[in-house]
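Notes follow the structure.
The values are calculated or read from the model by the stated rules, or taken from the named source; none is laboratory data. Note that the coordinates shown come from a computational prediction; the quantities given were computed from them, not determined experimentally. Here Cβ is always computed from backbone atoms with ideal geometry, including for glycine, and neighbour counts include all displayed protein chains.
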Amino acid sequence: MNVLITGGTGNIGSRLVIPLVRRGDRVFVLDVRSQPNFDSPEFRSVNMITGNLSDRATVLELVKSRKIDSIFHFGAVLSGSAEENPYEAWRANMDGTLNVLDAARFGGAQRVIFSSTVATYGEHASRVLNDDSPQWPISLYGVTKVAGERMGVYYHRQFGLDFRAIRLPIILTSHAAVGAASAYGSAVFEHSVLKGEYDFCVNPTTRAPMLYIDDAVQSFLDLHDAPSQKLKRRVYNIHGMSPSAEELEHAVRARVPNARISYHPDPLKCSIVESWPCQIDDSEARRDWNWQPSWDLDKTADEIIGLLKHELENK
């Protein structure tokens, strides 16, 4: 199978390369950067195309000429950067998503897997969220992701495109995604180990839904591979854990006792993160395609801190 990953040098995309290559897929990556966030021997076998999603001709030609079967669409300007550069975010997240959908439609790709987010909800969301809760995002990033979901469902109904999407919570990894309001979840691990200190941009009580990156990668593979007849909807919520910033701090201190951790909340980032629901009902994903997270906070903290300490020792 020929697979395209947009935004494929990012945290999730660069890791998704590994299982795709190992199972024999021919992988193409389209991104504005050529250096992956997570390098691996498998990534070196991908077909790397440096380009911008807003370049419609490039996206359409890529899908058609490389005979792409499936597209994992991760390319986007993230939440914090979107607030700073709204026009760039619009071009990447809105025009880019439309270009991907049209490329699939006209270029022959059968399936598009879209990375959405709990940021599509907002401050009026119920504290226990289900797949059909009202979506009133307060961030531009969330607005563009709602639009991407709606466009994908439209293309499914109007043109028969097999569009599938996952609304992700905050993704925890050893290196925080640049430009995301949610980056604090990973940055507290990264900075505490590599720099010995971290200053939270949210309140100690700020609580948000989170997921370890290995679970996120597996969720996209599972949804992609699920038989069409089992899917009752096009967009699914998934959930892993919901720690507060203070609980993240305690997880770090238990493993890095000398880390200096402080709090200087940023009002904008707090308002974005605290607008998200803490509890997510992901029962439909569990029912339709056997979604099941494998990582809790302790296991995640052990893994991330272990990776960072190994990195520090080998510098």
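What the table below lists for this structure:
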item	result
Condition met for residue 247 (over 18 Å from the mean Cα position of the chain (by Cα) and without any contact (Cβ under 8 Å) to a residue 60 or more places away in the chain)	yes
Pick from the range 21-30, criterion in contact with a Leu (Cβ under 8 Å, 6 or more places away or on another chain) and more than 17 Å from residue 108 (Cβ to Cβ), ranking: surrounded by the most Cβ atoms within 10 Å (Cβ to Cβ)	29
Meets criteria (without any contact (Cβ under 8 Å) to a residue 40 or more places away in the chain, within 20 Å of residue 182 (Cβ to Cβ) and polar (S, T, N, Q)) for residue 14	yes
Candidate set: the range 152-177, residues that are touching a helix residue (DSSP H, G or I) at 6+ places or on another chain (Cβ under 8 Å) and assigned to a loop (DSSP other than H, G, I, E, B); chosen: the one modelled with the lowest pLDDT	177
Unmet requirement for residue 120, which otherwise passes all of (1) surrounded by fewer than 23 Cβ atoms within 10 Å (Cβ to Cβ); (2) polar (S, T, N, Q); (3) in the same structural domain as residue 78 (by TED's automatic domain parsing)	(1)
Extreme residue, nearest to residue 180 (Cα to Cα), among residues of the range 273-289 that are at pLDDT 95 or above and not hydroxyl-bearing (Ser, Thr, Tyr)	282
Qualifying positions in the range 194-209 - surrounded by 23 or more Cβ atoms within 10 Å (Cβ to Cβ) and either among the acidic types (Asp, Glu) or closer than 19 Å to residue 11 by Cα (or both)	209
Filtered residues of the range 1-40 (kept if part of a helix (DSSP H, G or I) and of a type in the set (Lys, Arg))	15, 22
Top-ranked residue in the range 57-103 [being among the aliphatic types (A, V, I, L, M) and more than 16 Å from residue 30 (Cα to Cα); ranked as surrounded by the fewest Cβ atoms within 10 Å (Cβ to Cβ)]	94
Residue ID - modelled with the highest pLDDT, chosen from residues in the range 106-121 that are over 10 Å from residue 64 (Cα atoms) and assigned to a helix (DSSP H, G or I)	120
Among (1) within 19 Å of the chain's Cα centre (by Cα); (2) modelled with pLDDT under 95 - the single one residue 312 does not satisfy	(1)
Breaking point among (1) modelled with pLDDT of 90 or more; (2) within 17 Å of the chain's Cα centre (by Cα), for residue 37	(1)
Residue list for the range 128-150, restricted to those being buried (at least 18 other Cβ atoms within 10 Å of the Cβ) and part of a helix (DSSP H, G or I)	140, 141, 142, 143, 144, 145, 146, 148, 149
Residue among 26, 56 that is more than 13 Å from residue 103 (Cα to Cα), assigned by TED's automatic domain parsing to the domain that holds residue 219 and modelled with pLDDT of 90 or more	26
Some residue of the range 171-189 being more than 22 Å from residue 68 (Cα to Cα), surrounded by fewer than 21 Cβ atoms within 10 Å (Cβ to Cβ) and touching a Leu at 6+ places or on another chain (Cβ under 8 Å)	yes
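Residues checked against (1) touching a helix residue (DSSP H, G or I) at 6+ places or on another chain (Cβ under 6 Å); (2) of a type in the set (Gly, Ala, Ser):
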| position | (1), (2) |
| --- | --- |
| 196 | no, yes |
| 207 | no, no |
| 245 | no, yes |
| 261 | yes, no |
| 290 | no, no |
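This table checks each residue for (1) closer than 23 Å to residue 133 by Cα; (2) not aliphatic (A, V, I, L, M).
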{"position": "217", "(1), (2)": "no, no"}
{"position": "220", "(1), (2)": "yes, yes"}
{"position": "227", "(1), (2)": "no, yes"}
{"position": "258", "(1), (2)": "no, yes"}
{"position": "271", "(1), (2)": "yes, yes"}
{"position": "285", "(1), (2)": "yes, no"}
{"position": "291", "(1), (2)": "yes, yes"}
{"position": "305", "(1), (2)": "no, no"}
{"position": "311", "(1), (2)": "no, yes"}
